[in-house]
Amino acid sequence: MKKLAAAGCVFLIMAGWLAGCGSWPGSGGHTEERDMFYLSIGAPLIGELPPKNNEVEQAIEAYTHTDLQIQWIPLSAYDDKLRLMIASGEMPKLIKISYSPTYIATMKAEQFWELGPLLKEYPSLSALDKRYYDNISVEGKIYGIPIVRELGRAVIQYRKDWLDALGLQLPVTLEDWYRVVRAMTLEDPDGNGKQDTYGMALEKKYNQDVSSLLTRISVSQGGPNKWLVQNGRFTPEFMTKPFMDTMKLFRRLHQEKLINSDFAVVDTNETARIYDSGRGGIQINGGNAQTWMDKLGKTVPDAAVGVAPLRGPGGIRLPGEAGNSGFFSIPKDSVKTLAEVKKILEFLDKLLEPPMQTVISKGVENRHWKDTGEFTEVLDRTLDLKEVKPYRDMLLRQAEDSDSIKPSSQPELYRKSQEINRESRAYIVENPALTLESDTFAELGKELDTLITDAETKFIMGLIDEAGWEAELAKWRQAGGDRVIREYEEAYSKLAGN
């Protein structure tokens, strides 16, 4: 409550400043615009370009005493543009980058300032969970400030009305998953007298990246998250028994036509239509169950959606993710002095203070949101998307359960989703190779991943048997997989100081 009261006081001060007093609080009324810290930022734009000199940006500038120059770059062109800027040495003072081999190489080449030793000087930055920084480290060094999101986002979303009608419980074992998906497909859970539902619908990227369905279910059953490490030896998840058992489950579902048989060529929009139209029963998702309920309610008004943690025989267990949507780094080409680096870190530190978190998350009071007592409420969703969302997507935010800002008015299903995410943090299984480097993977990673994901799909569709699967594993090893394993082991040993 003290934080909220302080935030309210700051907003009154900012309101006066924006109304025309022209000076920063505490300056004695003579601070001119030329005394503000100039900061250029390169940032990706998702959606519509925000209006120039809008009230959200004005509020950020006023509170941080910063003259912002944001270079908005369409997301589709962002990486290409950023590579050109890095190659030319013509970069803004602060840029948002991702944890990928290209950018890791630039950090190892010392093109960005190392920030780790400085963080202790900034209370908000240093208060972030250490895992957020660990997950963007390069050889143990920190070159950026993460734009945080949940460290683990896998939850079960399901048609509660279907599960109740069928008299079933949420799946825990692989056999449970088979039983639930089978019943939701064959036993007319929507009661329309037709066999027109799927217990689960898959799309062609079902087994890729952090949202891999195979990884999520395998981890719930006791498997590793991407890599198993035993006595310093690395084994990819797809060579472990829990992963093979998970693939066998989906092979069985496919053979019995309990999942969509065309999943290998179906895109995300099509599977979304299956669920949103009331034809899909259960999914493992990283998003908000309320979003599904809102869409589903338009076609099936009496539908009920439930959300639950991902459980296996050993209890809640889910794969950990990087916990960020990129991070801000400071290029040495455009920032020459340590003093300027510290000014930028001061700006970022202020962004994590309660008043700025409210502006970044919600916008300006009485323009974008209003206070209803217990909660805040969006005044104009179109205006929120136009003027607030670009900053919400781009700038630093606290973890979703932060108590630094008053919560928004949200339906119970949304709040339950957030609660499950918070509780699940204690049951995350980390990916031990997340920040390890492999020259072979940097060069051949896409080809190796494609080889193995194609083999997984072939096995599920019955195009190869277990002997054929072993042959595909041998191809993966020969194509560079064995070198990736060896390089990860060497990097892991070096990082551990062994």
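The values are calculated or read from the model by the stated rules, or taken from the named source; none is laboratory data. All of these numbers come straight from a predicted model, not from anything done at the bench. No Cβ is skipped: glycine too gets one built from the backbone with ideal geometry, and neighbour counts run over all protein chains shown. With ligands, DNA and RNA removed, areas are computed over all heavy atoms of the protein, side chains included. Shrake-Rupley method; radii C 1.70, N 1.55, O 1.52, S 1.80 Å.
For the range 229-238, the candidate set comprises residues that are surrounded by 16 or more Cβ atoms within 10 Å (Cβ to Cβ) and touching a helix residue (DSSP H, G or I) at 6+ places or on another chain (Cβ under 7 Å); within that set, the residue that is farthest from residue 283 (Cα to Cα) is 234. Screening the range 119-189 for helices (runs of 4 or more DSSP H) wholly inside it with 2 or more residues that are touching a helix residue (DSSP H, G or I) at 6+ places or on another chain (Cβ under 8 Å), more than 30 Å from residue 295 (Cβ to Cβ) and open to solvent by 20 Å² or more (accessible area, probe 1.4 Å) returns the ranges 123-126.
Which residue is nearest to residue 103 (Cα to Cα), if the candidates are limited to the range 44-92 and must be touching an Asp or Glu at 6+ places or on another chain (Cβ under 6 Å) and β-branched (Val, Ile, Thr)? Per the stated criteria, the residue is 46. As a summary of the residue check, residue 47 satisfies the conditions (1) modelled with pLDDT of 50 or more; (2) surrounded by 14 or more Cβ atoms within 10 Å (Cβ to Cβ); (3) not in a helix (DSSP H, G or I) except for the one numbered (2). Selection of the range 50-96 for residues being in a loop (DSSP other than H, G, I, E, B) and not small (Gly, Ala, Ser) yields 50, 51, 52, 53, 54, 65, 90, 91, 92, 93.
Residues in the range 203-244 that are within 15 Å of residue 152 (Cβ to Cβ) and modelled with pLDDT under 95: 209, 210, 211, 212. If the condition is being under 15 Å from residue 184 (Cβ atoms) and among the aliphatic types (A, V, I, L, M), then the range 275-304 contributes 282, 284, 296, 300, 303, 304. All conditions but one from (1) within 28 Å of residue 420 (Cβ to Cβ); (2) more than 23 Å from the chain's Cα centre (by Cα) apply to residue 320; the one that does not is (2). Considering only residues in the range 241-256 that are touching a residue at least 40 places away in the same chain (Cβ under 8 Å) and surrounded by fewer than 14 Cβ atoms within 10 Å (Cβ to Cβ), the one that is farthest from residue 228 (Cα to Cα) turns out to be 256. I'd like to check something: does the range 84-98 contain any residue that is open to solvent by 60 Å² or more (accessible area, probe 1.4 Å) and in contact with a Leu (Cβ under 9 Å, 6 or more places away or on another chain)? The answer is yes; a qualifying residue exists. Scanning the range 253-272 for residues that are in contact with a Leu (Cβ under 8 Å, 6 or more places away or on another chain) and closer than 18 Å to residue 464 by Cα turns up just one, 263. Being modelled with pLDDT of 95 or more and open to solvent by 40 Å² or more (accessible area, probe 1.4 Å), is that true of even one residue in the range 410-429? Checked the range 410-429: at least one residue is modelled with pLDDT of 95 or more and open to solvent by 40 Å² or more (accessible area, probe 1.4 Å).
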